[in-house]
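The values are calculated or read from the model by the stated rules, or taken from the named source; none is laboratory data. Here the structure is a predicted model, which means the values were calculated and not measured. Cβ atoms come from the backbone with ideal geometry, glycine included; neighbour counts cover every protein chain shown. Accessible surface is based on the protein model in full, side chains and every heavy atom, while ligands, DNA and RNA are left aside. Shrake-Rupley method; radii C 1.70, N 1.55, O 1.52, S 1.80 Å.
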Amino acid sequence: MADETGLDFNDQIISLENKYQQALKDLYTHLTPIQQLRIARHPNRPTLLDYIFNITDKFVELHGDRAGYDDPAIVTGIGTIDGRRIMFIGHQKGRNTKENIHRNFGMPTPHGYRKALRMMRYAERHGFPIVTFIDTPGAFADLKSEEKGQGESIAQDLYTMAGIKVPTLGIVIGEGGSGGALAIICVNKLLVLENAVVYVASPEACAAILWKNSKASPKAAEKLKITATELCKLQIADSIIPEPLGGAHTDPHWTSQQIKTAILNSMDELQKMGTEELIRHRRLKHRKIGGFQEGLPVDPEKNFNMKRKEEPRPGLISDKVLQAEVNKLKDQIIMKAGESSSIAPDMDQNGLIEKLKREINYEFSEASKALGIEEKLSKMHEEFAKVETRQLTSGQIENLENLKKEFSDNLATAPNYGRLEYKLSLLKEITDAKVFAENYKKTLPLKSKVNEKFKQVLKKQNLKQKIEALKYEIEKSGVSAIEELDQKLKEKVVEIREEVESEFVNALESSGVHVASKVGNSSMSVIKAKVDELNSEINQIIQDVIESTPDLKNKIEMLKLEVAKDKNTPSEESKEKIAGLEVQIKQGVAEVMSCAAVKDKYEELQAELAELSGGSNGSLIKEPSYA
């Protein structure tokens, strides 16, 4: 276009090239495991011989297993790097279909592994370090290979490599599949190219076995932990050799130089070790793979990455399940309260509370949708987002408060209000149980102190004698119940009981537990009578209001009909209708309870109770204090 028009497009071309490079970088720095596997299998990816010719000064290939065969899928030979003689052994794939057929797609037969075994022993005899290159989908698994001892030949390679007396280095340049890769991977140090993979079974085969569908291979690749990063985390590989952006095939020469540098650095490190140290180093490297120790705390990162239990979506958990969980937790909390250990760690009460909160939030959200509040709130949020100062004006705050009031006023009319109220009541049950347990645990020291003081009071000689004498008189009278005692004995029982109570109160006072007053039986009967009288009057007021309020009376009749209609198996619609009517009736009754007449009677009773108990507010025992 520049030639045709005479215009200069250099700036646009440079901008496009920069965008292309950035897009390439973004793509190749966030590859998934299955994408890395595809790069490792790329048809243009450099092979073993490509790397060897790039990194060696001189190379001589050695052939044959000395048993009449030469497997082209395994290449062996001696090469020099900067004057160092090294034995190279590795898998060789083809560059095109013809070569792949000749090389059997990099899948060795037993003859190939026996050739590798011969070269290992040759290298050990002459003191050459060994470098293996791994790039195979697996050992060739046809009938002929099995007949000629495929498994035995792999085992012999593993056995020999484990005890070989020269430094060994392995480099995964493509894919390291199953036992085919394992045969020449038992080395002192294992390096992995950035986009290379190692697996026990191909992701396609794994997906076909586990999920009966090879299309699930991306999921299998992720679960198998096949990438270079995961191999290093699992301490299978020792380090990663970087590749150019886009994979090794984009710049084979640069990748070869990285491999050459890694080989020289590793050999410098390994050749400092003696023979015994080399063997021990190799043994320990493989012994620690997959090792773990019981009792050690789980690393937080590993704990975070563990599969979490999937919680049901809010709104789908049945009321029966929630109620059962709440009842179980309440029982545990109350049982635990009597123990000396702290409440909670082993009961997952926080988990259940969080679950209930999620359920309640879901019900609130559904209610706001049904009442049209969510839509209004969304519009208001959009208006707030347009404000540059990010500070709400007085008008916006007022609108927000009005919306909040509207939601509160209309919440009882929401179709799911019954479920919301039920879940709120479950949350309150747990909270009340926790408060009870905590208060109970706080009172345990006081309870122990009170019991101890009571025992001390009963051991006083004068009281002990009086109680024994009273017991003797009661036994002598021959009655089986206290109601059958004559008046004189009853008075004596009351007298001794009051004496014991007086001594007990004095003992508690002396130990720092302050008792404000005690209520006798006569006072208790008066209190009970007053409370019963108030309840009777309140019930009469409520009944009168219901009779004089047609709307409230009609709702009660509707509730009775609804309950009678679906008594055995009420439908969801019926449940919601019943819950809605109950709420409306309760609100009407609450208004009655707040009327002046009821309040006056309640306050009058409270004053009388305070007078009877001797306290300013009707309380019987003050908060205990300790010196």
Above-threshold pairs, the threshold being 32 Å between Cα atoms, out of K379/K560; K219/K328; K223/K285: K379/K560; K219/K328
For a quick protection proxy, order the peptides 14-27, 413-426, 369-382 by their average other-Cβ count within 10 Å, most packed first. 413-426, 369-382, 14-27
Go through segment 4-9 residue by residue and turn each phi into a ³J(HN,Hα) via Karplus (6.51, -1.76, 1.60, θ = phi - 60°); whole Hz please, and just put x for glycine and proline. 6, 9, x, 8, 9, 10
Of the listed pairs K355/K575; K428/K577; K225/K355; K148/K225, which have alpha-carbon separations greater than 27 Å here? K225/K355; K148/K225
Go through segment 457-468 residue by residue and turn each phi into a ³J(HN,Hα) via Karplus (6.51, -1.76, 1.60, θ = phi - 60°); whole Hz please, and just put x for glycine and proline. 4, 5, 7, 4, 4, 5, 5, 4, 5, 4, 5, 5
Counting pairs of alpha carbon atoms under 8 Å apart in space and at least six apart in sequence, what relative contact order in percent does segment 178-288 give? 29
Here the residues of segment 454-475 lying in the modelled label zone of K488, meaning backbone nitrogen under 20 Å from a point 7 Å along Cα-to-Cβ, are 466-475
Per 0.36 nm of contour for each residue apart, how much would the distance between Q271 and A155 grow if the chain were fully extended, relative to their Cα-Cα spacing? 39.1 nm
At a 10 angstrom cut-off on C-beta neighbours, averaged per residue, how do the peptides 158-167, 267-276, 241-250 rank from highest to lowest? 241-250, 158-167, 267-276
Over the alpha-carbon set of segment 106-230, work out the extent along each principal axis and list the three values in angstrom, largest first. 50, 36, 20
Amide H to amide H, which residues 5 or more places from G64 or on other chains are under 5 Å from it, using H placed in the peptide plane? D71
Under 13 Å by backbone N from the virtual spin label 7 Å along Cα-to-Cβ at R38, the residues of segment 179-217 are 217
So between E4 and L245, what do we pick up on full extension, going 0.36 nm a residue minus the alpha carbon distance? 83.3 nm
State, to one decimal in nm, how far the label point of E383 lies from the label point of I556, with both points 7 Å from Cα in the Cβ direction. 4.4
For segment 132-202, what mean projected area does the convex hull of the alpha carbons give, in nm²? 4.8
Pairwise Cα inverse-distance average, inverted: Kirkwood Rh of segment 1-89 (Å): 18.0
Once amide H atoms are built 1.01 Å from N in the peptide plane, which residues 5 or more positions from I241, or in another chain, come under 5 Å H to H? V192, L193, E194
If R0 is 35 Å, what FRET efficiency do you get for K476 and E604 from their C-beta distance, rounded to 0.05? 0.10
Taking a ≥ b ≥ c as the square roots of the eigenvalues of the Cα gyration tensor of segment 396-478, is the shape rounded (a/c under 1.5), prolate (a/b larger than b/c) or oblate? prolate
With a cap of 12 neighbouring Cβ atoms within 10 Å, and only residues DSSP puts in a loop, list the trypsin sites (Lys or Arg not before Pro) found in segment 425-493. K459
If you roll a 1.4 Å probe over the heavy atoms of the protein chains, what accessible area per residue do you get for segment 1-82, in Å²? 64
Rounded to the nearest 10 Å², what accessible area does E366 have for a 1.4 Å probe in the complete protein model? 60
By how many nm would the segment from I209 to S548 grow when fully extended, if each residue of separation counts as 0.36 nm and the alpha-carbon distance is taken off? 114.5 nm
Please state the shape class of segment 436-478: rounded when a/c is under 1.5, otherwise prolate if a/b exceeds b/c and oblate if not, all from the C-alpha gyration tensor. oblate
Which FRET efficiency, nearest 0.05, do Q235 and Y122 yield, Cβ-Cβ r, R0 25 Å? 0.20
FRET efficiency for K19 and A141, Cβ-Cβ distance as r, R0 = 56 Å, nearest 0.05? 0.75
Between L458 and E429, the two model label points (7 Å from Cα along the beta-carbon direction) sit apart by a distance in nm of 3.8
When a/c is below 1.5 the answer is rounded, else prolate if a/b is larger than b/c, else oblate, so apply that to segment 391-435 with a ≥ b ≥ c taken from the square roots of the Cα gyration tensor eigenvalues. oblate
Under Karplus coefficients 6.51, -1.76 and 1.60, residue-wise ³J(HN,Hα) of segment 107-123 in Hz, glycine/proline x: 9, x, 9, x, 5, x, 5, 6, 5, 4, 4, 4, 6, 4, 5, 4, 5
